[in-house]
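What follows is a short report on a single structure.
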Amino acid sequence: MSVRRSLAAMILPDRQADRVVPPSGPTAWLTTFTAGAMTFLAVFALALSLASGRLAERWAGALAGTATIRIAAPADQMAVQTAAVLDILKTTPGIASARAMTDDEQRALLAPWFGPDLPIEALPIPRLVELTESSDGFDAEGLRQRLLAEAPGAVLDDHTRWQRPLAVAASRLNLLGTLSMALIAATMAAMITLAANASLAANAQVIRVLRLVGAQDDYIAAAFVRRFTLRALTGSAIGAVAGTIGIALLPPVDEAGGFLTGLGFTGLGWFLPLALPPIAAAVALLATRAAAFRKLRELT
Amino acid sequence: MIAFENVAYNYGGGELLSEVSIRLAPGSFHFLTGPSGAGKTTFLKLAYAELLPTAGHVTVFDRDVRSLTRDDVAMVRRRVGVVHQDVQFLDHLPLAANVALPLTVAGRDGHMQDLTDLLGWVGLGKLADALPASLSGGERQRGALARAIIMGPDVILADEPTGNLDWEMSLRLLTLLVELNKMGKTILIATHDLNLIRQAKSLVAARVLRIRNRRIQLAGADL
Ligand SMILES: Nc1ncnc2c1ncn2[C@@H]1O[C@H](COP(=O)(O)OP(=O)(O)OP(=O)(O)O)[C@@H](O)[C@H]1O
Ligand SMILES: [Mg+2]
């Protein structure tokens, strides 16, 4: 009820009510600046959080995909061992499909390092078998044991060994980004509370007079809340624009960075910083309101 | 309107007021006298719920002040006009806006004609745009009286309203308060000024309360 009333009071400027509190104090700029700086930081935390979220998703997706078996055997045994491996895979639960790569495919894989004219038949290059997991996943350790017994030249190369930590790191980064945004909001609330307290203390005499002539707490609080909310909204809008421009000016890394997806926003993500100023305004509203009611009870 | 029932008050030292039982009936006109420091201002603060009694009951508009919420107190302040002994204004607003402040905070702006008339009545018509800091003590007191009555309160409590005024202006304010009393307002004036009391008695059926030995008694004809 009263929160709704102060929301209404915030949205509908009340010139008369605004005049009863002296125009501005030494802390006026502090709120605008804090909201601006914090929103600027929040834009980066938001971008980091979104980018690491995309990364985590991508790596986790790659994880639940494929593995490779590398067969290193003398040339005359290669065909036998490959057949043995494929047989084993057929009877291993949790494997959806398995397929030995052809020479052409292997040549294509190696081309970036050795050039297109690699005489692959003449080299002791291991044969690769690509396998796809079913949704249940397979028992990597059990498979390793069977391979050791029946196809000694075959080694299971489980991508998860190096991809899992990356996926974990990415989702940890995502968490840190989210946590940073929460901390930024909390810091802003604390700073605005300090500024509001300073302003309320500086206006203690005004508050006393207003109480004496019959002003309700809601009315007095609203005069302060409106000010701080508008200042936070202004500062935050500037910070959001500046932060978004900063992100937009980052060099594109999609190609050069390879697995890095870049810190930028994608698609509709570019509109997410627009949500920050209203959030900053809401934080300012609640912080100032709480400070005002505390001070009012203390003063009168 | 306002009733004290066996009220006691102390600020933490000894008891300042004891066993005070007084009823301010609707439409009554009272003076409150007593030596400096006797507790006149304290009595008024109890009457408009600025202070809560340490014992006994103060009832304002049929409600015990102890049961009032902060919003209720604000509502009481709108029905009780108070002229404070240490008049306080908002120093950044001109006198007219200060006088109209009770209307502003009640969301009842817009009676500008009333405001102009009222300022004329208390002799401040020319000072409407002056800032409080530039007003004399008497001008501040008159401004305070105007602020106290602009809401058309049921009760007017005035603490030394003529302390800084010459006799002519004192009479003018007294006449204004007597007029308001005739319109049915309940009036209480705390004052040292015995001449003012005598003058008032010739205009209205005023009763005089006197603080003596922590008690408040109705004074006899010996004034
Ligand atoms: N807030 C306070 N804390 C402690 N003591 C106080 C407080 N306010 C008033 N007193 C004391 O209470 C006594 C009565 O004060 P009060 O202001 O009611 O007197 P008064 O009758 O209005 O005096 P005056 O005629 O000088 O205005 C005084 O001795 C004063 O020092
Ligand atoms: Mg006094």
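Coordinate-derived values only; no laboratory data. Remember, it's a predicted structure, so these values are computed and weren't measured experimentally. For neighbour counting, all protein chains shown are included, and Cβ atoms are generated from backbone atoms with ideal geometry for every residue, glycine included.
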query = What Rg and what Dmax come out for the protein assembly as shown when only alpha-carbon atoms are used, in angstroms?
reply = 40.8, 137
key: Antiparallel bridges, percent of DSSP beta bridges restricted to chain A (to nearest 5)   = 100 percent
inquiry  = Just to be sure I understand: with springs between alpha-carbon atoms less than 10 Å apart, which residue in B:Ala133, B:Ala100, B:Ala200 has the highest mean-square fluctuation in the Gaussian network model of chain B?
reply    = B:Ala133
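Nearest 20 debye, what's the magnitude of the dipole of the range B:41-97 about its Cα centre given +1 on Lys and Arg Cβ and -1 on Asp and Glu Cβ? Can you show the working numbers first?
Details: 7 positive and 7 negative charges, 25 e Å.
For the range B:41-97, the charge dipole is close to 120 debye.
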note = The helix A:103-114 Cα axis meets the longest alpha-carbon principal axis of chain A at an angle in degrees, between 0 and 90 and rounded to 10, of 60 degrees
Kirkwood Rh, angstrom, the range A:73-152 [1 / mean 1/r, Cα pairs] = 13.9 Å
query = About its Cα centre, how strong a charge dipole does the protein assembly as shown have in debye, to the nearest 20, once Lys and Arg get +1 and Asp and Glu get -1 at the Cβ?
reply = 2740 debye
query = What is the range A:73-152's relative contact order, in percent, from Cα pairs under 8 angstrom and six or more apart in sequence?
reply = 42 percent
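Relative contact order, percent, of chain A when contacts are C-alpha pairs under 8 Å separated by at least 6 residues? Could you put the intermediate results ahead of the total?
Numbers: 389 pairs, mean separation 100.4, N = 300.
Reported relative contact order: 33 percent.
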note = In the range A:167-259, the chymotrypsin sites (Phe, Trp or Tyr not before Pro) that sit in a DSSP loop and have at most 12 other Cβ atoms within 10 Å of their own Cβ are A:Phe259
key: Per-residue HN-Hα couplings for the range B:75-84 [Karplus 6.51, -1.76, 1.60; θ = phi - 60°; Hz; x = Gly/Pro]   = 5, 4, 5, 7, 9, 10, x, 10, 9, 7
task = For a footprinting-style exposure proxy, rank B:Thr162, A:Thr39, A:Thr92, B:Thr104 by other Cβ within 10 Å, fewest first.
result = A:Thr92, B:Thr104, B:Thr162, A:Thr39
key: Share of alpha-carbon pairs per 5 Å distance bin for the range A:17-127, given as whole %   = 2, 8, 10, 10, 10, 9, 7, 6, 5, 5, 4, 4, 4, 3, 4, 4, 3, 2, 1, 0
query = Mind checking which of A:Met188, A:Met38, A:Met78 has the largest fluctuation in a GNM of chain A, springs on alpha carbons under 10 Å?
reply = A:Met78
request  = Taking only Cα atoms and a 10 Å spring cutoff, compute GNM fluctuations for chain B and point out the largest among B:Lys45, B:Lys126, B:Lys185.
outcome  = B:Lys126
key: Value of Rg to Rh for the range A:164-300 (Rh from inverse mean 1/r over Cα pairs, i.e. Kirkwood)   = 1.17
Distance (nanometres) between label positions extended 7 Å along Cα→Cβ at A:Ala248 and B:Asp62 = 6.6 nm
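Assign one of three labels to chain A, namely rounded, prolate or oblate, based on the Cα gyration tensor with a ≥ b ≥ c the square roots of its eigenvalues; rounded applies when a/c is under 1.5, prolate when it is not and a/b is larger than b/c, and oblate otherwise.
Values: a/c = 5.32, a/b = 3.41, b/c = 1.56.
Judged from the Cα gyration tensor, chain A comes out prolate (a/c at least 1.5, a/b above b/c).
Counting other C-beta atoms within 10 Å, which of B:Met151, A:Met101 has the fewest, and how do the rest follow? Display every interim value, and only then the final one.
Numbers: B:Met151 22, A:Met101 15.
By the 10 Å Cβ count, ascending, the order reads A:Met101, B:Met151.
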